[in-house]
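These notes concern the structure reproduced below.
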Amino acid sequence: MSNPYVKIRRDLHKIPELGFQEFKTQKYLLSYIESLSSDRLEIKTWKTGIFVKVNGLFPSKVIGYRADIDGLPIEEETEYSFQSEHEGRMHACGHDFHMSIALGILTFFVQNPINDDLLFIFQPAEEGPGGALPMLQSDIMSEWKPDMIFALHIAPEYPVGTIATKEGLLFANTSELFIDLKGKGGHAAYPHQTNDMIVAACSLVTQLQTIIARNVDPLDSAVVTIGKITGGTVQNIIAEKARLEGTIRTLSVQSMEKVKQRIEALVHGVEVGFHCEATIDYGAMYHQVYNHHEITRDFMDFVKEKTDVIVIECKEAMTGEDFGYMLRDIPGFMFWLGVDSEYGLHHAKLTPNEDAIHIAIKMLTQYIHQIGHK
Ligand SMILES: CC(=O)N[C@@H](CCC[C@H](N)C(=O)O)C(=O)O
């Protein structure tokens, strides 16, 4: 392991923290960035995130690069010697890779300054409740606002040495979904005296799937996933309460509204049918990731023509990313970085190939070097 950014990735892998609790992560990043001790660097913290400006020689624009820094509530099941030291937390979405790659690029340009200014954004809470929008609206961002911005996300399904992206829509619109049901609990042997919220919740989960099958245009796409159900107390008590937690994904803002209307109608139906009360909370919503056409095309051409990395023109995905908010305001793009893992994103055995770290740093320093001198 001679690559220092692999060591950084492993250090960060050990300390995954949830959104807006990334205190150790922020401290680690700050101590590394401050150790670069250059008078070109300006550093400002924002909650548990960090903005770092690398001042250029003769700046005519600011180039932005964003890395997300939070982990997930997953108990790690890899065979790593550098497993998560935080019980029930894991970097299972590659943000440890994203941070180490960002530090690699940052270090390169501190040591090899270019004309333009660079802004590195280490953003908390991508998995929820969302750090991109409030960071974008912060005073620091108004002062240092980039003229263009980009970011990457690791992709377990693509080989190392490849990237994948496309012009226009890349990732879906998302909305979290929390539904609370409250009825009348009671003795397991007297169901006729109760309104069982376990039965209501199970019925609702099945009904929600009919939205995709029967309400969304088959030529459009949407997802309603319920990832968690809780309810009840013990096996012989009929549950008074149940909670469904999930997420909605759509390829347009309009479809999101339609799906939500159907959810509300079905939840109301369950209220009537099961004599219970229901509340819906949509939690955090993310704007779609929409890549700027010309900038993305230029980037793809650059990688094809000037690097060893293979460019795949991919389809849009139903993943969400609050980086979509940054791209709504600032022209730029996002791309997938191939890391070839048997297990996918959000899996307890995700094991991305670390060779991708060096490949990404090399490719992106070349790219920034080219656009930063124009
Ligand atoms: C890249 C990725 O996996 N992003 C997450 C974003 C989650 C947003 C929010 N918590 C939700 O579930 O809607 C994803 O699950 O796609």
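The values are calculated or read from the model by the stated rules, or taken from the named source; none is laboratory data. Nothing here was measured: the structure is a model prediction, and the numbers come from that model. Ideal geometry is used to build each Cβ from the backbone, glycine not excepted, and the neighbour counts take in all protein chains shown. The area values use the complete protein model at the heavy-atom level, side chains included, leaving out ligands, DNA and RNA. Shrake-Rupley method; radii C 1.70, N 1.55, O 1.52, S 1.80 Å.
Considering only HIS192, HIS268, HIS98, the Gaussian network model of the chain with Cα springs below 10 Å gives its largest mean-square fluctuation to HIS192.
Which of the listed residues, GLN254, GLY185, LEU30, is farthest toward the dipole's positive end in the chain, when Lys, Arg count +1 and Asp, Glu count -1 at the beta-carbon? In the chain, that residue is GLN254. Rounded to the nearest 5, what is the percent of antiparallel bridges among the DSSP beta bridges in the chain? Around 70 percent of the beta bridges assigned by DSSP in the chain are antiparallel ones. Not counting ligands, DNA or RNA, and with a 1.4 Å probe, what is SER37's accessible surface area in Å² rounded to the nearest 10? Accessible surface of SER37 is approximately 100 Å². For region 173-285, the C-alpha radius of gyration divided by 2.2 N^0.38 Å, with N the number of residues, is 1.12.
Tell me the net charge near GLY231. Cut-off is 13 Å between Cβ atoms, GLY231 excluded, with +1 for each Lys or Arg and -1 for each Asp or Glu. Each step should come with its number before you reach the end.
On the way: positive: LYS182, LYS228, LYS241, ARG243; negative: ASP180, ASP196, GLU240, GLU245.
Around GLY231, the surrounding residues sum to 0.
Counting every pair of alpha carbons in region 246-374, the share spaced more than 17 Å apart comes to 72 percent. Rounded to 0.05, the FRET efficiency of the ASP220 and ALA189 pair, given R0 = 45 Å and the Cβ-Cβ distance, is 0.45. Against the criterion of solvent-accessible heavy-atom surface with a 1.4 angstrom probe, SER221, SER35, SER175 sort, most first, into SER35, SER221, SER175.
Can you give me the % of accessible surface on the chain that is carbon or sulfur? Probe 1.4 Å, all protein chains present, nothing else counted. The partial results should precede the final answer.
Details: 8420 of 16410 Å².
Roughly 51 percent of what the probe reaches on the chain is carbon or sulfur.
Note that region 173-285 presents 54 Å² accessible area per residue, ligands and nucleic acids not counted, probe 1.4 Å.
Rounded, prolate or oblate: which fits region 77-138 when a ≥ b ≥ c are the square roots of the eigenvalues of the alpha-carbon gyration tensor, with rounded for a/c under 1.5 and prolate only if a/b beats b/c? Oblate shape, in that a/c is at least 1.5 and b/c is the bigger or equal ratio. For ARG9, the shell of other residues with beta-carbons less than 12 Å away shows a net charge of -1, using +1 for Lys and Arg and -1 for Asp and Glu.
In this structure, ARG243 and LEU57 have a Cβ-Cβ separation that, at R0 = 45 Å, corresponds to a calculated FRET efficiency of about 0.20.
Report, in deg cm²/dmol and to the nearest 500, the calculated mean residue ellipticity at 222 nm for the chain, where each DSSP H run with n ≥ 4 adds -39500 (n - 2.57) and the sum is divided by the residue count. Could you put the intermediate results ahead of the total?
Values: 10 runs with 129 residues, N = 374.
Helix contribution divided over all residues of the chain: -11000 deg cm²/dmol.
Of SER341, GLY71, VAL216, which is farthest towards the positive pole of the chain's charge dipole, taken about the Cα centre with +1 and -1 on the beta-carbons of Lys, Arg and Asp, Glu respectively? Of the options given, the answer is VAL216. Taking Cα centre as origin and charging only the Cβ of basic (Lys, Arg, +1) and acidic (Asp, Glu, -1) residues, the dipole magnitude of region 1-59 rounds to 160 debye. Looking at the chain, the pairs of alpha carbons with a distance over 39 Å make up 22% of the total. Between PHE302, PHE333, PHE323, the GNM of the chain built on Cα springs shorter than 10 angstrom shows PHE302 fluctuating the most.
Simple rule: put +1 on each Lys or Arg Cβ and -1 on each Asp or Glu Cβ in the chain, find the dipole, and look at GLY231, THR194, PRO159; the Cα lying farthest toward the positive end is THR194. Summing Cβ point charges (Lys, Arg +1; Asp, Glu -1) relative to the Cα centre of region 173-285 gives a dipole of roughly 140 debye.
Extension gain for GLU277 to ILE310 (0.36 nm times residue separation, less C-alpha to C-alpha distance): 6.5 nm.
The dipole here belongs to the chain: it is taken about the Cα centre, uses +1 on the Cβ of Lys and Arg and -1 on the Cβ of Asp and Glu, and is about 220 debye.
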